[in-house]
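Chemist: Once you've had a glance at the structure underneath, I'll fire off some questions.
The values are calculated or read from the model by the stated rules, or taken from the named source; none is laboratory data. Model, not experiment: these values are computed from the prediction. Every residue, glycine among them, receives a Cβ derived from its backbone with ideal geometry; neighbour counts consider all protein chains shown. The area values use the complete protein model at the heavy-atom level, side chains included, leaving out ligands, DNA and RNA. Shrake-Rupley method; radii C 1.70, N 1.55, O 1.52, S 1.80 Å.
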Amino acid sequence: MTSLNVPSNASSHPLKKYINRELSLLEFHKRVLAQAKDTEYPLLDRLNFLIIFSSNLDEFFEIRVASLMQQIELSNHARTRPDDLLISDIVTTISKLAHEAVEEQYKILNYSVLPQLQGHGVNFIQYGDILEKHNEWIKDYFHNEVQPVVTPISLDPAHPFPGLVNKSLNFIVTLEGKDAFGRKIDLAIVPAPRSLPRLVKLPKSISGEAEYYILLSAIIQQHIHELFPGVTTTGCYQFRVTRNADLTVSEDVEDLAIALKGELSSRRFGRAVRLEVNKNCPETISDYLL
């Protein structure tokens with residue numbers, strides 16, 4: 001059995017033989033991630049394990065971690081049973097283990113899976129990899145497909161921070177100058193359109209015999225300045241919010257279908273439980289988002 005990293009104050013407790021259920025489930029997700037490192041599996045299966053790990057971790061935060069954080073918010077700092085760990089200690093440990101696991105996930109993706117896919121003629125273009133030969137096609141795709149369905153949201157006293165949908169991809173943009181109405185804008189949010197695929201395949205006329213896919217995020221970053229005419233774009237950083245998606249329905253509800261309909265609608269905008277930001281995001285911006 002895989003050993004668990006638990007708070008040090010639990011080691012001397014007589015109930016240390018019990019394993020906390022949230023930490024145990026997180027260890028299971030890490031074992032799924034470990035399958036992506038196994039070179040005995042076909043390459044696309046390993047990529048699929050990385051995707052499964054991401055999906056599992058999203059649900060883990062949406063349900064399990066959200067429940068723990070809700071208990072902390074209600075000033076319930078009691079110990080869980082039967083493992084007898086403090087809820088606040090469990091959340092701290094989950095944070096540490098999740099950070100380590102996600103870092104391992106990206107190492108496997110960027111230094112093992114993607115280079116091997118490239119060897120088979122399958123290439124993924126990120127923002128820093130865009131070449132001159134891609135520019136014209138990317139520009140046309142942005143103007144025809146992306147720009148019509150993107151709605152930038154400026155952040156100022158008249159426009160508070162928007163309610164962003166659970167697990168949606170967003171960009172926070174730093175700006176300098178005044179817009180066409182003479183308003184000084186420092187920050188703006190650009191939600192990535194959910195109607196478009198996150199991976200876009202380039203035509204054969206550009207890619208040749210190999211297959212080239214470009215990330216939607218790279219296309220948006222390449223032309224983010226065009227969404228803010230009249231002002232200068234000084235930075236653009238991806239971020240993603242995971243929200244509480246647990247369903248809570250009262251036992252004495254009269255119409256279960258109506259109650260569930262309301263819960264399903266509100267779970268897209270539940271309490272934020274996790275923030276993911278790009279590594280190049282300045283600390284001042286990530287602190288602002290937090």
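Chemist: Of Lys96/Lys201; Lys167/Lys201; Lys107/Lys133; Lys178/Lys201; Lys133/Lys167; Lys37/Lys204, which pairs sit farther than 26 Å apart, going by alpha carbon to alpha carbon?
Modeler: Lys96/Lys201; Lys107/Lys133; Lys178/Lys201; Lys133/Lys167; Lys37/Lys204, as the Cα separations exceed 26 Å there.
Chemist: Next question. Let me check something: with ligands and nucleic acids excluded, how do Arg240, Arg21, Arg274 order by accessible area (1.4 Å probe), largest to smallest? Walk me through the numbers before you get to the answer.
Modeler: On the way: Arg240 55, Arg21 150, Arg274 35 Å².
Heavy-atom accessible area, descending, gives Arg21, Arg240, Arg274.
Chemist: For Phe28, what accessible surface area do you get with a 1.4 Å probe? Give it in Å², rounded to 10.
Modeler: Surface accessible to solvent at Phe28 totals approximately 100 Å².
Chemist: Under a point-charge model restricted to the Cβ atoms of Lys and Arg (+1) and Asp and Glu (-1), what is the dipole moment magnitude of segment 69-204 relative to its Cα centre, in debye to the nearest 20?
Modeler: Here segment 69-204 has a charge dipole of around 360 debye.
Chemist: First measure r as the distance between the Cβ atoms of Arg271 and Tyr106, then evaluate 1/(1 + (r/R0)^6) with R0 = 30 Å and state the FRET efficiency to the nearest 0.05. Walk me through the numbers on the way to the answer.
Modeler: Numbers: r = 27 Å, r/R0 = 0.88.
So the FRET efficiency works out to roughly 0.70.
Chemist: Could you pull out every residue, at least 5 positions away or on a different chain, whose amide H is within less than 5 Å of the one on Gly235? Hs are placed 1.01 Å off N in the peptide plane, and Pro or chain starts have none.
Modeler: HN-HN under 5 Å from Gly235: Thr174.
Chemist: Tell me the accessible surface of Tyr212 in square angstrom (1.4 angstrom probe, heavy atoms of protein chains only), to the nearest ten.
Modeler: It works out to around 60 Å².
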